[in-house]
1. Bin width 5 Å, alpha-carbon pairs only: give the P(r) of the range 91-202 as whole percents, running from 0 to the bin holding the largest distance.
2. Return a whole-number percent for the relative contact order of the range 136-256, with Cα pairs under 8 Å and 6 or more residues apart as the contact set.
3. Using 0.36 nm times the number of residues separating Ser166 and Arg310, minus their current alpha carbon distance, what extension gain do you get?
4. Among Ala169, Ala134, Ala225, determine the one that fluctuates most according to a GNM of the chain built with springs between C-alpha atoms less than 10 Å apart.
5. If contacts are Cα pairs under 8 angstrom and at least 6 residues apart, what is the relative contact order of the chain in percent?
6. To the nearest 20 debye, what charge dipole does the chain have about its Cα centre, counting +1 at the Cβ of each Lys and Arg and -1 at the Cβ of each Asp and Glu?
7. Ratio to report: Rg/Rh of the range 283-334, with Cα atoms as the point set and Rh obtained by the Kirkwood method; give two decimals.
8. Run through every distinct alpha carbon pair of the range 141-232 and return the Kirkwood hydrodynamic radius in angstroms, one decimal place.
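The values are calculated or read from the model by the stated rules, or taken from the named source; none is laboratory data. If you're wondering where the values come from, they're calculated on a predicted model, not measured in any experiment. Glycine gets a Cβ as well: all are built from the backbone with ideal geometry, and neighbour counts include every protein chain shown. Just the protein is used for accessible areas: all its heavy atoms, side chains included, with ligands, DNA and RNA removed. Shrake-Rupley method; radii C 1.70, N 1.55, O 1.52, S 1.80 Å.
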Amino acid sequence: MDSFYVEVERREDPSLQGVPVAVGGSGPRGVIASASYEARRHGVESAQPTVTALRLCPNLIVVPPSHGRYSEVSTEVFRIFRSYTPLVEGLSLDEAFLDVSGLRRHYDSSVEVGEAVRRALRSELQLPASVGVASNKMLAKLASENAKPDGLCHIPISGQLGFLQSLPASSLWGVGPATLASLRGLGVESVGDIAAMPEPTLIGLLGPVSGRHLHDLARGIDPRAVESDTEAKSVSVEETYPRDLEGRSVLESALLSHAQRLSGRLRRAGLVGRTITLKVRLDDFSTVSRSHTAEAGYDGARELYREAVRLLAEVDPRRPVRLLGLGAGLLEAADST
């Protein structure tokens, strides 16, 4: 979905159409949760302090978040997704992978399915969406980013390598600032440069796991299947940030967004999780995890956020944070608790 929180607010208040808008907290410690494309042109972006956003865009309209409404609309969005295929893997309140390979007898192409989904979202919910169509999850994700705002991008199998080669190296999953600095030390700037490197060189630079992973991604190889939320053994959300996060208030704001996303995934799947796990990856790539198992399951954003903040207090990161993750395990049907 495109600027999901903002577009939901615009649906309720048409006067917000066509002007720079952001959803977020006000005051000296407020953080931007979502920004319209008009605001992004001024440099406003999510996870940015509101005071910084207002300095970049003085005429920015900042709307307080309505999280209950976003969850309700998200349920409708996923209802539309599942009306096409049961194989839906939610990434957040407003983003998902759909495996549409089983629709070959009903549609001439996957592109036709993507356009049908976009039309349904627009006609039923009055919301714009961008769709990426490709043969695997990584390429579909990159295609959806290329389609924004409010478009569709198809990467045919014959065009995969051509599409990838010109992208900056930072486009690939797992290429954060530290990895990018190491790659640039070898003169690497693009995905094509990575693809041209021998696998042993990447392994020597990044280690066996990250080296092989990056070697495959640069060649368009991503074997992961779409995992339906209802079939998962655990449900989690995580994000690697373009700029490292620093400061307790910024981390807690990011965890609030994670808690809302995780709650949406659990409730759409009709599940609760008894074990809550916090994952923190620092700028030196060291990773710290903390978990807590309760007698009763969680699925509400408020309870998940409270537990995430409690777990964060046990971590006390002394370095900038490049990735945050929040997950729920020991899943049970919500109606069984």
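1. With a bin width of 5 Å, the distribution comes to 2, 11, 18, 20, 16, 13, 9, 6, 4, 1, 0.
2. Working: 101 pairs, mean separation 31.7, N = 121.
Relative contact order of the range 136-256: 26 percent.
3. Details: separation 144, 0.36 × 144 = 51.84 nm, distance 4.32 nm.
The span from Ser166 to Arg310 would gain 47.5 nm if fully extended.
4. Ala225
5. Working: 605 pairs, mean separation 45.9, N = 337.
Over the chain, the number comes to 14 percent.
6. Details: 38 positive and 42 negative charges, 64 e Å.
Rounded to the nearest 20 debye, it is 300 debye.
7. Working: Rg = 12.7 Å, Rh = 12.6 Å.
That ratio equals 1.01.
8. Details: mean 1/r = 0.0702 Å⁻¹.
The Cα-based Kirkwood calculation yields 14.2 Å.
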